[in-house]
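The values are calculated or read from the model by the stated rules, or taken from the named source; none is laboratory data. Given the structure is predicted, the values throughout are model-derived calculations rather than measurements. Cβ placement follows ideal geometry from the backbone for every residue including glycine, while neighbour counts extend to all protein chains displayed.
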Amino acid sequence: MSEQRRPPELQQAAATGAADPGPGTHTGTGTGAGAGEQPGLAQRLEQATRAAQARRLVEADTLLGEILAEQPDQLRALDLLGFVRFFQQRYAEAEQACRRALVLKPDHAYARKGLGLCLARQGRLDEGIAELQRAIALKPGWFDPYWDLAVVLDEGDRPQEALRILAVGQVAVPARRRDFLGFAARLRAVLERRQGERGEQNS
């Protein structure tokens, strides 16, 4: 379902999920981090994280470019770069950042989730769904990939599948049950309204 066709209540649901990849919440540190870090790297990573989370994308982009020029295999910087590129709507570049991260750490659920969103935004829906499913398999207690998968399925006009994922998410992440239920309720309301409109047209 395109943004133009999606009702306002589902636009809000999509924004809530897609806008929260959480670059500062994961624990990946990358091959360049640790005791041998160059002085100031940890501080610049933290600055880039804060800038990305505040959507100061140009600032974050500049910091990450400097970091990755020095340490191309810095996993956290690659994660943040994917986040920044995604919100710049530079989805092919975001995809490449995620793929670079996955070369370093193939079981990195955060990069799998990001890759899935980037592929879906480029119209490669089935590939994106597969990557989001892999993220769930890697980290089944994590809220984000369930939510993002439901958003992607909704955007692809597959609402029944989205509802099934939301139901699975309620069980897997009970602390976020209210969020899943709210999204499912909004989605069902839209489906019921569509059915009513079709019925009126056929009467």
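Only a single criterion out of (1) under 20 Å from H108 (Cα atoms); (2) of a type outside the set (A, V, I, L, M, F, W, C); (3) buried (at least 19 other Cβ atoms within 10 Å of the Cβ); (4) without any contact (Cβ under 8 Å) to a residue 60 or more places away in the chain is not satisfied by G141, namely (3). Evaluated against (1) of a type outside the set (D, E, K, R); (2) crowded, with 18+ Cβ neighbours inside 10 Å; (3) within 17 Å of L119 (Cα to Cα), Q133 falls short on exactly one condition, (2). Scoring P72 on the criteria (1) at pLDDT 95 or above; (2) crowded, with 20+ Cβ neighbours inside 10 Å; (3) not polar (S, T, N, Q) leaves a single failure, condition (2).
Looking across the stretch 118-130, the residues that are under 19 Å from F87 (Cα atoms) and in contact with a helix residue (DSSP H, G or I) (Cβ under 6 Å, 6 or more places away or on another chain) come down to C118, L119, A120, R121, Q122, G128. Quick test of your reading of the structure: D157 fulfils all but one of (1) assigned to a helix (DSSP H, G or I); (2) more than 22 Å from F83 (Cβ to Cβ); (3) among the charged types (D, E, K, R). Name the failing condition by number. Of the numbered conditions (1) assigned to a helix (DSSP H, G or I); (2) more than 22 Å from F83 (Cβ to Cβ); (3) among the charged types (D, E, K, R), the odd one out for D157 is (1). Filter the stretch 33-65 down to residues that are in a loop (DSSP other than H, G, I, E, B) and at pLDDT below 95, then give me how many there are. Number of matching residues: 8. Criterion applied to L187, L191 was being at pLDDT 95 or above, surrounded by 12 or more Cβ atoms within 10 Å (Cβ to Cβ), in contact with a helix residue (DSSP H, G or I) (Cβ under 7 Å, 6 or more places away or on another chain) and of a type in the set (A, V, I, L, M), and the one residue passing it is L187. When we screen R100, R85 for residues that are within 28 Å of E59 (Cβ to Cβ), in a helix (DSSP H, G or I), in contact with a Leu (Cβ under 7 Å, 6 or more places away or on another chain) and of a type in the set (K, R), the only hit is R100. Here R176 qualifies as touching a helix residue (DSSP H, G or I) at 6+ places or on another chain (Cβ under 8 Å), at pLDDT 95 or above and in a helix (DSSP H, G or I).
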